[in-house]
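Structure, as structure tokens:
The values are calculated or read from the model by the stated rules, or taken from the named source; none is laboratory data. Every value quoted in this text rests on a predicted model; they were computed, and no experiment measured them. Cβ: placed from backbone, ideal geometry, glycine included. Neighbour counts: every protein chain shown. Note: areas computed on protein heavy atoms with side chains; ligands, DNA, RNA excluded. Shrake-Rupley method; radii C 1.70, N 1.55, O 1.52, S 1.80 Å.
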Amino acid sequence: MTATTLFNTAPNFTRLSAIFCGLLAAITLLAFVESGVRLGLATLVGALAGFALYHAAFGFTAGWRRLIREGRGGGFRAQLVLVGATTIFAIPLIAYGSSVGVQAGGFVFPFGAAVLAGAFMFGLGMQLGGGCGSGTLFTVGGGSTRMVITLAFFIIGGVLATYHWEFWQSLPRMNATALSTSFGPLGAVAGTLLVLGALWLASYAMERRRHGSVQGGKPMGSLINGPWSLTAGIIGLTAVGVLTLVVLGRPWGITSGLTLWGAQVAHQIGVPIEEWDYWRFAMDQVEASVFASGTSVMNLGLIAGAALAAAFAGKFAPKLNLSARDVATAVIGGLLMGYGARIAYGCNIGALLSGIASGSVHGWVWFAAAFLGSTLGVRLRALIGMDPPLEHAPATGK
């Protein structure tokens with residue numbers, strides 16, 4: 001597509017897209033009225049995330065599955081580039097942002113048995129559920145009825161994990177460690193890029209060895225109506241990560257907001273969560289408006305942004321013909337993801353992307369454990385017939 005077509009293609013503005021524009025405007029206005037300009041802007045940053053995720057079809061789940069199952073690593077390598085691009089901006093902003101008026105902190109958490117177990121659960125759950133943290137939200141926005149089930153049980157799983165919080169915190173763990181502390185901000189950036197680059201090259205070499213060539217990426221379509229190339233998705237999502245640091249003063253996260261939604265519902269129906277260790281000192285958040293939480297409004301904006309992208313693309317068409325297997329795997333996958341994300345300090349966004357981009361060692365531990373869980377999940381998908389058998393073509397030897 002030429003640059004002229006890219007920027008001049010008229011939006012596919014239908015009644016549905018008008019409705020979703022109105023929905024996004026309403027969420028933004030409510031966040032602004034409830035919490036001020038900062039959360040109003042955060043809603044729009046979330047909408048950019050949903051728009052980019054949908055148009056670029058940028059999900060961690062399918063990228064990992066194709067690498068594990070087929071040896072095709074294009075999606076996986078795009079994720080590595082996204083993490084690297086975000087790191088280049090995030091670590092310096094966290095370290096030096098105050099000099100330009102940006103007060104930002106990173107996601108640097110302890111790591112040990114709980115992170116290993118939780119990330120493994122998450123990786124397994126995202127293959128069964130069909131989406132990661134960001135993937136679940138943008139596919140819900142895109143009209144997937146199955147992913148609505150996954151999201152509901154994602155939320156339930158997160159709340160269940162907070163009930164067991166004291167147990168998981170009692171398990172052995174290492175202290176939170178930031179690479180910037182040991183190597184300085186620039187050393188942390190360089191070290192992170194070095195490891196990401198090694199993984200990129202290993203994936204590239206593996207794909208060439210198995211298939212004889214590397215599969216090309218999809219072309220760029222309309223900026224508004226889509227589809228986007230993976231490169232455009234990387235640019236859009238890197239912008240989301242940087243803008244989140246600037247607007248909210250901390251990295252992009254998703255799952256704490258989902259767990260908060262579940263806790264707010266549980267509290268309203270009389271579940272005594274105020275007695276649980278996780279919520280004992282956080283009941284002010286539970287009792288506040290959903291529009292008072294930065295993560296919540298970003299999540300709502302993400303769903304609305306993805307819905308708007310689907311409407312512009314002419315692809316918003318929910319389907320209700322779900323099989324028993326569809327429902328069962330959505331329930332199990334959602335529970336595993338919600339529970340695992342909470343005890344492991346986040347999902348593919350809050351732990352992997354934002355953790356690594358903050359220079360936190362726990363992000364790398366999460367990455368490894370979640371990938372192992374995904375490997376098991378891909379095997380289980382094949383056993384229960386969620387994926388068709390692969391056709392094994394001989395490698396060309398090139």
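Full extension of the chain between VAL327 and ASP387 yields a length gain of 20.0 nm, computed as 0.36 nm times the residue separation minus the alpha carbon distance.
Find the centroid of the Cα atoms in segment 232-288 and in segment 30-73, then give the distance between the two in whole Å. Cα centroid to Cα centroid, the span is 15 Å.
Given only helices, namely DSSP H runs of n ≥ 4 each adding -39500 (n - 2.57), what is the per-residue ellipticity at 222 nm of the chain, to the nearest 500 deg cm²/dmol?
My calculation for the chain gives -22500 deg cm²/dmol from helical runs alone.
Looking at segment 10-99, the pairs of alpha carbons with a distance over 22 Å make up 53% of the total. Take every Cα pair under 8 Å in segment 318-385 that's 6+ residues apart, average their separations, divide by the length, and report that relative contact order as a whole percent. Contact order relative to length: 15 percent.
Under a 5 Å amide H cut-off, with hydrogens placed 1.01 Å from N, GLY112 pairs with MET174 among residues at least 5 apart or on other chains.
Whole-Hz Karplus values for segment 256-262 come out as 5, x, 5, 5, 4, 4, x Hz, taken residue by residue from phi with 6.51 cos²θ - 1.76 cosθ + 1.60 and θ = phi - 60°; glycine and proline positions read x.
With a probe of 1.4 Å, find how much accessible area the chain has per residue, and write the answer as a whole number in Å². Kindly include the intermediate steps, with their values, before the conclusion.
Details: 17020 Å² over 398 residues.
About 43 Å² of surface per residue is accessible.
Seen from ALA330, the other residues with C-beta closer than 14 Å to its C-beta sum to a net charge of +3, counting Lys and Arg as +1 and Asp and Glu as -1. Site pair MET174 and ARG69 shows an inter-label distance of 3.3 nm when each label is modelled 7 Å from Cα along Cα→Cβ. Around the Cα centre of the chain, unit charges on the Cβ atoms of Lys, Arg, Asp and Glu (plus for the first two, minus for the last two) sum to a dipole of about 1300 debye.
For the chain, the relative contact order is 39 percent, taking Cα pairs closer than 8 Å that sit 6 or more residues apart in sequence and dividing their mean separation by the residue count. Evaluated on the chain, the Kirkwood hydrodynamic radius is 21.4 Å, with distances taken between all distinct Cα atoms.
When each of the peptides 202-211, 36-45, 124-133 is scored by how many other beta carbons lie within 10 Å of its residues on average, the order from highest to lowest is 124-133, 36-45, 202-211.
How far apart, in nanometres, would the label points at LEU201 and LEU23 be if each is projected 7 angstrom from Cα along the Cα-to-Cβ direction? For LEU201 paired with LEU23, the spin-label model returns 4.6 nm.
Sequentially through segment 123-133, phi angles give Karplus couplings (6.51, -1.76, 1.60; θ = phi - 60°) of x, 5, x, 6, 6, 6, x, x, x, 8, x Hz, Gly and Pro residues having no value and appearing as x.
Share of Cα-Cα pairs in segment 70-218 beyond 26 Å, in percent? Don't skip to the end; give the middle numbers.
Working: 5310 of 11026 pairs.
Tail of P(r) above 26 Å: 48 percent of Cα pairs.
Counting protein heavy atoms only, the chain has 68 percent of its accessible area on carbon and sulfur, 1.4 angstrom probe. Placing a label point 7 Å from the Cα of VAL102 along the Cα-to-Cβ line, the residues of segment 247-278 whose backbone N sits under 14 Å from it are 247-252.
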